[in-house]
Structure formats: structure tokens, C-alpha cells
Amino acid sequence: MKALLIYATNSGNTYYTALRIAEMLKSYGFFVDVRSAGDVVLDILDSYDTIILGSCTWNRHAATAKYEDGQLQDQMQRLVERSRGETFANKTFAIFGLGDSAYEHFCAAADHLEKFVALVKGKKVGDTLRIDSFPQPQEAIIDAWARSLVPLLK
């Protein structure tokens with residue numbers, strides 16, 4: 001099985017999580033290509049059996065000076081926008097998100113990614129992984145989630 005793991009990060013925590021997931025899947029014999037959302041060209045998605053999407057939840061000020069809580073990281077948002085009108089009906093997707101429960105919209109990036117998968121008619125498998133705050137003390141949770149994907153992706 002070939003998986004493309006696409007991540008978007010600001011502080012490096014989503015990247016750390018992506019690498020952890022990739023290493024776990026590789027230990028089960030998967031080929032996993034890890035790429036930043038900013039480096040992904042849509043045409044390559046056809047080369048993979050599974051797409052794993054991960055983003056941190058980001059808060060930003062809009063051009064209208066309105067504060068927007070619970071957004072996708074900018075590179076992932078641009079990838080989603082570039083995908084408008086595309087259909088990935090034969091693709092399997094898994095989703096993970098990072099956030100902070102102190103904010104109103106905890107792990108909202110994961111919610112945005114779930115909507116994206118539905119929009120492109122992808123097949124989401126497994127539960128969405130939501131990491132609260134830093135991933136390092138939650139490695140066992142990340143590993144268990146990655147292991148739970150193995151039978152779903154084979």
C-alpha cells in the first residue's frame with residue numbers, strides 16, 4: 001500500500017505528528033511519502049492508494065479585521081482551494097488535526113478536512129485523530145491511531 005501523508009504546520013508539531021504516523025505505518029510495510037501541503041501538486045494524488053491529511057488549527061485576522069478562530073493552516077487551506085471541482089471518489093482518506101482545547105473551536109482544522117473529503121467524494125476511514133496541544137506527551141495515542149488504520153487501509 002502506498003500512502004501520501006500531507007501535513008500543514010506552523011510550529012512543527014503537525015510535522016512531528018506526521019513523521020510519527022509515517023514511521024508507524026512503515027513498520028507495518030506501508031510505503032509512506034510525507035509532504036508539506038505547500039509542496040503538493042494535485043496530479044500526484046492518483047499515484048497513491050491512501051491520502052492522510054493533517055493540519056494544525058489556526059486562528060487569524062481576516063482582511064476585514066475580523067478574528068477567525070478555528071481555521072486550517074494557510075498552506076492546507078490553499079491546497080483545499082486548489083482542489084475545488086476535483087473528485088477523488090476512489091481514494092481512501094484518513095485525517096488528523098492538532099488544536100488547543102483552550103480555544104472555542106478545538107481541532108476545527110480536522111472538521112474542515114472531514115468536510116473537504118466529503119466534498120471531493122473521498123472515502124474517509126477510521127476515526128479522526130484530534131491532538132490537544134503538544135503531540136510529544138501523546139505519542140502512545142498517535143501510535144495507537146496509526147495502528148488502527150492498518151487493517152482499514154489494507
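Readers should treat all values here as calculations from the given coordinates under stated rules, not as data from a laboratory. As the structure is a prediction and not an experimental result, all values here were calculated from the model. No Cβ is skipped: glycine too gets one built from the backbone with ideal geometry, and neighbour counts run over all protein chains shown.
Taking loop as defined by DSSP and a crowding limit of 13 other beta carbons within 10 Å, which trypsin sites (Lys or Arg not before Pro) in the stretch 113-142 fit?
Lys121
Looking at the chain, do any whole DSSP H helices span at least 20 angstrom along their long axis by alpha carbon and average -1.0 or above on Kyte-Doolittle, and which?
13-27, 139-153
Give a quick list of GluC sites (Glu not before Pro) in the stretch 16-125 that DSSP marks as loop, anything other than H, G, I, E or B, with at most 13 other Cβ atoms within 10 Å. The partial results should precede the final answer.
Values: sites: Glu23, Glu68, Glu81, Glu86, Glu104, Glu114; in loops: Glu86, Glu104.
Answer in residue order: Glu86, Glu104.
Work out, step by step, the length gained on full extension between Asp46 and Phe31: first 0.36 nm times the residue separation, then minus their alpha carbon distance; give nm to one decimal.
3.9 nm
Tell me the label-point distance for the pair Ser101, Glu114, using the 7 Å Cα-to-Cβ offset, in nm and rounded to one decimal.
Reported label-point gap for Ser101 and Glu114 is 1.7 nm.
When the helices in the chain are scored as -39500 (n - 2.57) per DSSP H run of 4 or longer and the sum is shared across all residues, what 222 nm value do you end up with, to the nearest 500 deg cm²/dmol?
-10500 deg cm²/dmol
How large is log10 of I(q)/I(0) for the stretch 93-154 at q = 0.18, 0.21, 0.26, 0.27 Å⁻¹ when the intensity is taken from the Debye formula with one equal scatterer per alpha-carbon?
Here log10 of I(q) over I(0) equals -0.68, -0.88, -1.11, -1.14.
Report the net charge of residues surrounding Leu5, where surrounding means a beta-carbon distance below 9 angstrom and charges are Lys +1, Arg +1, Asp -1, Glu -1.
0
Hey, in the GNM for the chain with a 10 angstrom Cα cutoff, which one of Tyr48, Tyr16, Tyr28 fluctuates hardest?
Among Tyr48, Tyr16, Tyr28, the largest GNM mean-square fluctuation belongs to Tyr28.
Around Leu45, under 14 Å between beta carbons, what's the net of Lys plus Arg minus Asp minus Glu among the other residues?
My count for the surroundings of Leu45 gives 0.
So, with +1 on the Cβ of K and R and -1 on the Cβ of D and E, and no other charges, what is the size of the charge dipole of the chain about its Cα centre, to the nearest 20 debye? All intermediate terms of the calculation are to be shown ahead of the outcome.
On the way: 17 positive and 19 negative charges, 84 e Å.
That gives the chain a dipole magnitude of about 400 debye.
Take Ser133 and Arg84, extend 7 Å from each Cα along the Cα→Cβ direction, and tell me the distance between the two endpoints in nm.
In this crude label model, Ser133 to Arg84 measures out at 3.8 nm.
Would you be so kind as to identify which of Tyr103, Ser27, Ala144 lies farthest towards the positive end of the dipole of the stretch 2-149, taking Lys and Arg as +1 and Asp and Glu as -1 on Cβ and the Cα centre as origin?
My answer, from the dipole projection, is Ser27.
Run the quick spin-label model on Glu23 and Lys123: label points 7 Å from Cα toward the beta carbon, then report their separation in nm to one decimal.
According to this spin-label approximation, the distance is 3.1 nm.
At q = 0.14, 0.19 Å⁻¹, what log₁₀ I(q)/I(0) does a Debye calculation on the Cα points of the chain give, no solvent, two decimals?
Taken in order of the listed q values, log10 I(q)/I(0) reads -0.62, -1.17.
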